[in-house]
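Participant: Structure below; questions to follow.
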Amino acid sequence: MDMTPSRHSRHQYKVNRKMADPINTLDDGNETAAVVIGAGVAGTHAALELAESGCRVILVDKAPAVGGLLAQLDHQFPDDGCGMCRILPMIDRDACRQVCLRKGLDHERITVMTGAEVTAVNGAVGNLNVTVVKNPTGVDPERCTLCGACMDACPVEVPDGFNAGLGTRKAVYSPIPHQADRIPPVIDFTACTRCSACVDACPENAVRLEMESETLVLEKIAGVIYAPGAALFDPSTADVYGYGVLPDVVTALAFERMLSGSGPFCGRPVRPSDGGPVRKIAWIQCVGSRNIMIGADHCSSACCMFAIKEAVLAHEKINGSVETAIFYMDMRTFGRDFQRYRDRAENETGVQFVRCRIHSIEPVDGEGGVKISYVDGSGGFAEETFDLAVLSTGRAAAGGLPDFAAQEGVFPLDTVPGLSDISAAIISAGAAAGRLRRQMQEKGAAGISSEAVDRRSPAGPAAGEAKRREAALFNRKPACRLVLHGMSESVRPFVDSNEFTTRLSEAGLDLPVTRTGNISDEKALEDAIAEIRASKANRLVIVTAAPHLVQISRWSKWIGLMPSLIRIIDVRPFVSENRSGLNIPKLLSVIEMEVNRLRTRTAGQTADRSIEQTALVVGAGPAGLSAALALADLHIRVVVVERSDSPGGNAVHIHDDEIKEAVGALVQRAGQ
């Protein structure tokens, strides 16, 4: 893969390459590369599917961090779980390099470009040129150790968009607060006064107020998946129900943040107007949807379910009794188990469902809360007072697709035109990834072959050699080594001192220590790796103040150890709140625990079982055959079971010639 920047952006692109891997280059001329536009639910899933099948992926998003709307949600319907794991690949999920997505995306085959936007796609299929404009973040991610000094020093406060305006943030801020220990902060240049307080406070000289936008050109790209996500309707633009005027009228996304433990109220909702307790909550459905007066004649499809979910969670999270009511025109609970979830909410949780048309929402004189006036199902007029009114906002009016979406080799998701729930987004993303993989095989462009997308694990002699190396490592006497890597200025004086080495010995941890120096000192890192290799160490404990920059898979390749023989310790929890000291006894206790784990680790603990990849598909209609072909493209043996005499399902009853031809082609391809 050759991803060459334009003349104006060569320096910036070199920075991005070093971010991906400071020792081994990102490029591999023999690897297939794809670009995924949009790092929300669908885009992330498509990127992981492609990466796990052997493809190098560049994931581009205009937001400053990955995750899309899902990063702001703690629970998903219909099981109220986290839901992040649903984004992981459907096949070989247990073997996926990526683990918990709640803490961010970290995959060795995925290069993330946030704060960037694709402006053009040109070229032929299998050999596309993708033009990307990368906006400045103001913080060098290679030098940043996530100490937070820049945010502490910033004097500018603006409404916090992540928390839907229910609080403030600094002009230098963490785009996803609960990932602040993994992703660097960014600068909001529209709010930044360029007072340089953040520059002066940064101990690593990582703040760059002079950063400018740059243009990159990614070359020899096999294909592009377009997954831009959907923006939510902003009720303040249409003067709907007093939003933006009445503080106790909030959006559904704002209520999600009120329920979140990482939100502005630490998971205990209060009335925004006066901080009073919330005992009665109303949800207003179809805000920004099914309203021709504002040009929104569509149903946003997901709003009914997330309102029910929020009502159920309100009963769980708010101490004491709470009353909840959902005011709706129609309940559209059409997904798997959705109606059961709705029934449980009404019959077991006590959520009230009111079919009506809302007339108005007004303030309550002399006290917090709102008064809702509506016409009920029998045509009668009614009024009711609530502490909080939650507007279930649907998707914003969809704009047109960019010109490059029509380019051959670009695969827009089926869900691009509208808002969808997580399941639909993931299905659409998986289908797009499957179509791109199939194109890679069929076109054979730019050296792409069917073998290029199936490099999951060593096989044959390579697998045997890997097993022999593993056995040899475990047969050797454990030799642990401590690596002090990427220490911030607030930590370095304590761990670089002779006292720390003495305390190690006093604790019975006579470990050889390797120090890598400054986080951005590439030469020091190379010297440290050479030192570790020469030492013949076969166990590694890495203590770091920048765990977001440490990937076990890369250290495994650099040192020649299996990932299971490398442990990472985040030193930041042991730093005092005023950064004036380090709790060395507790840190030594954790180091001792990790060293003992590594010393007692045996080969049996990492033994693999051979698994033959097979799949059973029940039903040989268009959906079943499409699923079977997608699995076959992943080199998985598939058995299709159909009770009727011939494949095709109900397609035999369709009279449309075009559809019949498409189904016939599907049946023919499956039979080959």
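Participant: Condition first: touching a residue at least 12 places away in the same chain (Cβ under 8 Å), closer than 19 Å to Val245 by Cβ, buried (at least 18 other Cβ atoms within 10 Å of the Cβ) and within 41 Å of the chain's Cα centre (by Cα). Can you find one or more residues in region 360-367 that meet it?
Facilitator: Yes, region 360-367 contains at least one residue that is touching a residue at least 12 places away in the same chain (Cβ under 8 Å), closer than 19 Å to Val245 by Cβ, buried (at least 18 other Cβ atoms within 10 Å of the Cβ) and within 41 Å of the chain's Cα centre (by Cα).
Participant: Which numbered condition in (1) assigned to a strand (DSSP E or B); (2) open to solvent by 40 Å² or more (accessible area, probe 1.4 Å) is the only one that Met113 fails?
Facilitator: Checking Met113 against (1) assigned to a strand (DSSP E or B); (2) open to solvent by 40 Å² or more (accessible area, probe 1.4 Å), the one that fails is (2).
Participant: For region 518-536: of the residues being among the small types (Gly, Ala, Ser) and modelled with pLDDT of 85 or more, which is surrounded by the fewest Cβ atoms within 10 Å (Cβ to Cβ)?
Facilitator: Applying the filter and picking the extreme gives Ala534.
Participant: How about region 368-385: which of its residues are touching a residue at least 40 places away in the same chain (Cβ under 8 Å) and either outside any strand (DSSP E or B) or in contact with a Gly (Cβ under 9 Å, 6 or more places away or on another chain) (or both)?
Facilitator: Those that are touching a residue at least 40 places away in the same chain (Cβ under 8 Å) and either outside any strand (DSSP E or B) or in contact with a Gly (Cβ under 9 Å, 6 or more places away or on another chain) (or both): Gly368, Gly369, Val370, Thr385.
Participant: OK, next. Within region 297-315, restricting attention to residues that are farther than 13 Å from Ile281 by Cβ and surrounded by fewer than 19 Cβ atoms within 10 Å (Cβ to Cβ), which residue is farthest from the chain's Cα centre (by Cα)?
Facilitator: Going through the qualifying residues, I end up with Asp297.
Participant: Can you pull out every residue in region 305-334 that is assigned to a loop (DSSP other than H, G, I, E, B) and closer than 22 Å to Thr251 by Cβ?
Facilitator: Ile318, Val322, Met329, Asp330, Met331, Arg332, Thr333
Participant: Take Ala431 and decide whether it is open to solvent by less than 60 Å² (accessible area, probe 1.4 Å), part of a helix (DSSP H, G or I) and not charged (D, E, K, R).
Facilitator: For Ala431, the condition - open to solvent by less than 60 Å² (accessible area, probe 1.4 Å), part of a helix (DSSP H, G or I) and not charged (D, E, K, R) - is met.
Participant: Quick check on my filter: what residues within region 185-213 are open to solvent by less than 40 Å² (accessible area, probe 1.4 Å) and at pLDDT below 90?
Facilitator: Glu204
Participant: Would you mention how many residues in region 152-167 are without any contact (Cβ under 8 Å) to a residue 40 or more places away in the chain and either under 22 Å from Val575 (Cα atoms) or not β-branched (Val, Ile, Thr) (or both)?
Facilitator: 3
Participant: Follow-up. Considering region 381-398 alone, what residues qualify as being within 24 Å of the chain's Cα centre (by Cα) and either under 21 Å from Pro277 (Cα atoms) or open to solvent by 10 Å² or more (accessible area, probe 1.4 Å) (or both)?
Facilitator: Arg395, Ala396, Ala398
Participant: Taking Glu362 as the residue in question, decide whether it is part of a loop (DSSP other than H, G, I, E, B) and either touching a His at 6+ places or on another chain (Cβ under 6 Å) or acidic (Asp, Glu) (or both).
Facilitator: In short, no.
Participant: Quick check: is even one residue across region 343-352 part of a helix (DSSP H, G or I) and open to solvent by less than 30 Å² (accessible area, probe 1.4 Å)?
Facilitator: yes
Participant: Name the residues in region 613-649 that are open to solvent by 20 Å² or more (accessible area, probe 1.4 Å) and part of a strand (DSSP E or B), would you?
Facilitator: Matches in region 613-649: Thr614, Ala615, Leu616, Val618, Arg637, Val638, Val639, Val640, Val641.
Participant: Among the residues of region 142-183, which ones are open to solvent by 40 Å² or more (accessible area, probe 1.4 Å) and at positive phi?
Facilitator: Scanning region 142-183 gives a single hit, Gly165.
The values are calculated or read from the model by the stated rules, or taken from the named source; none is laboratory data. No experiment lies behind these values; they were computed from the predicted model shown. Don't worry about glycine lacking a Cβ; one is built from the backbone with ideal geometry, like all the others, and counts go over all protein chains shown. Note: accessible area is taken over every heavy atom of the protein model, side chains too, but ligands, DNA and RNA are not part of it. Shrake-Rupley method; radii C 1.70, N 1.55, O 1.52, S 1.80 Å.
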